[in-house]
Every structure is written in structure tokens, then in C-alpha cells.
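The values are calculated or read from the model by the stated rules, or taken from the named source; none is laboratory data. Everything quoted here is computed from the prediction, not taken from an experiment. When we count neighbours, we look across all protein chains shown, and the Cβ atoms used for this are built from the backbone with ideal geometry, even at glycine. Accessible surface is based on the protein model in full, side chains and every heavy atom, while ligands, DNA and RNA are left aside. Shrake-Rupley method; radii C 1.70, N 1.55, O 1.52, S 1.80 Å.
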Amino acid sequence: MGIFDLFKKKKQENKVRNFFDFPRNEEGFQQIVEWLKLSTEIILDVDHEGQLSVKIMPDGKVFLSAFTEVGQRVPVYTKNDKFIVLDFAGVSKLFEDNAELDFLWLNPNSDSAQINRSVFTPRHAIKKNTEIQIGLPAEPPVVLIDFLVNYAKENPTINHMYLGLARYNDEFSYLVFLDSEQTERIVPEIGPEISALCIDEKIVYPVDFVYDNFLADEQYLIYKK
């Protein structure tokens, strides 16, 4: 065996195999999301002080690297490295508590699945001094609206509900405002259901809840008590 053959062999041995045997399409992505929801062992890096290891993409998006098993990390863990193991609820809380996080990068060295924060929480932060354009969607998200309205009808604390389409930094999302004294409790409750609905029904844009009613206009009203 020549030196180049030995180098090639070592390179192949260092390559991490895919953890998921799913197709590289929307159906496969949804299967990964379903795995995440049932998982009790999602591994995330922390620094020597126990703080989350947060990384930033060239375009400014902030993310967490996560792994399905310790062997997925490159370079491999050493005795000085630290990590935490969480279930789906634990990861969701990280996104709930850290509004600057944009996505979770699962197994970046193999499967390389980037999971948007909307899978974990409906809360989304818009960075300071960002110009926002708000209007009505050309095609209303009927399935989403039906879900929201039906929920409002069953919840007597909701007086009004508004929905608009926002554009900022060339990204779009549906904005929802709930006129209720219980909004802080309701949003975490229905957030996972809406995230699942967006995936199942292939809803075009993510859903963000807002806590300041800058949608208080009749054209955005989708429910009135």
C-alpha cells in the first residue's frame, strides 16, 4: 500500500456516516423532525464554563450545533470537552429563552439538517433597527387561520386575533397577535401544534407571534369575540 492509498484510507475512516437513513427531501426532513420530537438524547456543545456554544453563519444567522450521538462530532470529543444532553422539550426551551437563535444544525458533519427555530417555538426576535414591511398575504393561509380561529372560539380569554404577512431582510413570516390577558401562557401552549401544522400542511412561511399590537387594523382581523 502506497502512502497516498494510506492517506485516502485514513480520510475515509475519519468520515462520519449519516445517522438518518432518510431521503434528502421534504419527507425526509419531516422524519428527522419527528425523530427530534421523540428523542431524549440530543447532544449540544458547551464551553468550559458550561455556557452554550453558539455559532454564527457568514450571513449573520445564529445557530447551535447538535448531534444524535457522540461519534457524530468532528473533531471527536476529548476528556476536556464538555457537552449537555437534552430532550426535545429541553432544546425547545433553549430557543424559547434565547430569541437570537435562528436554527439548530443537527449532525453538521454528516446528515447536515438545519432545523429552523419555528420547529421549537413560535417566538421570533426581529433585530433592532430592522425595517419591517407588513401587509396581507396574496394567498391567505386558510389552514392556519382555521386552526387559530377554532382555538380562539374555545378560549374565552381571546377577544380578537390578527394575522398579517411581514417582510424583513428579504425573509417572510406570518405575524399573529392575540388580544388576550393570557397571551404569555397561550403562545407556548399552541406553538408546537402550529409548528407541526406548518410542516404537515406545507405552510409557506413560518409563524411568529407578536406581543405589541401593531396589527390593530380591521384588514388584519381574523377573529372577533
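Values as computed for the structure displayed
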{"quantity": "Electrostatic dipole magnitude of the chain [Cβ: Lys, Arg +1; Asp, Glu -1; Cα centre; debye, to 20]", "calculated": "920"}
{"quantity": "Prolate/oblate/rounded label for the stretch 146-225 (Cα gyration tensor, a/c 1.5)", "calculated": "oblate"}
{"quantity": "Using θ = phi - 60° and Karplus 6.51 cos²θ - 1.76 cosθ + 1.60, couplings along the stretch 32-43 (whole Hz; Gly, Pro as x)", "calculated": "5, 4, 5, 4, 4, 5, 9, 6, 10, 9, 9, 9"}
{"quantity": "Karplus (6.51, -1.76, 1.60) ³J(HN,Hα), θ = phi - 60°, over the stretch 209-216, in Hz, Gly and Pro reported as x", "calculated": "8, 10, 10, 10, 7, 8, 9, 5"}
{"quantity": "Å² of accessible area per residue within the chain, as computed with a 1.4 Å probe and no ligands counted", "calculated": "60"}
{"quantity": "Estimated distance in nm for a label pair at THR157 and ILE132, the labels positioned 7 Å out from Cα along Cα-to-Cβ", "calculated": "2.2"}
{"quantity": "Approximate spin-label separation GLU218-ASN109, in nm, with each point projected 7 Å along Cα-to-Cβ", "calculated": "6.1"}
{"quantity": "The stretch 169-225, relative contact order in percent, only Cα pairs under 8 angstrom and at least six apart counted", "calculated": "50"}
{"quantity": "Exceeding the 21 Å Cα-Cα cut-off - candidates LYS37/LYS61; LYS55/LYS93; LYS61/LYS93; LYS37/LYS82; LYS61/LYS82", "calculated": "LYS37/LYS61; LYS37/LYS82; LYS61/LYS82"}
{"quantity": "On Cα atoms only, tilt of 88-97 relative to the major axis of the chain in degrees", "calculated": "60"}
{"quantity": "Alpha carbon centroid spacing (whole Å) that separates the stretch 41-117 from the stretch 176-225", "calculated": "27"}
{"quantity": "Hits among aspartates and glutamates - C-alpha to C-alpha of LYS202 under 12 Å, sequence gap 8 or more where chains match", "calculated": "GLU26, GLU27"}
{"quantity": "Helix-only CD estimate at 222 nm, as mean residue ellipticity for the chain, using -39500 (n - 2.57) per DSSP H run (n ≥ 4)", "calculated": "-9500 deg cm²/dmol"}
{"quantity": "Segment ARG185-VAL46, extension gain: residue separation times 0.36 nm, minus the distance between their alpha carbons", "calculated": "47.1 nm"}
{"quantity": "On Cα atoms only, tilt of 3-14 relative to the major axis of the chain in degrees", "calculated": "40"}
{"quantity": "Prolate/oblate/rounded label for the stretch 35-121 (Cα gyration tensor, a/c 1.5)", "calculated": "rounded"}
{"quantity": "Rounded, prolate or oblate (a/c below 1.5 giving rounded, otherwise prolate when a/b exceeds b/c) for the stretch 94-209 by Cα gyration tensor", "calculated": "prolate"}
{"quantity": "The stretch 100-225, relative contact order [Cα under 8 Å, separation at least 6], %", "calculated": "30"}
{"quantity": "Karplus 3J(HN,Hα) series, Hz, for the stretch 48-54 with 6.51 cos²θ - 1.76 cosθ + 1.60 (x for Gly, Pro)", "calculated": "5, 9, x, 8, 4, 8, 9"}
{"quantity": "Normalised per residue, the volume of the convex hull around the Cα set of the chain (Å³)", "calculated": "161"}
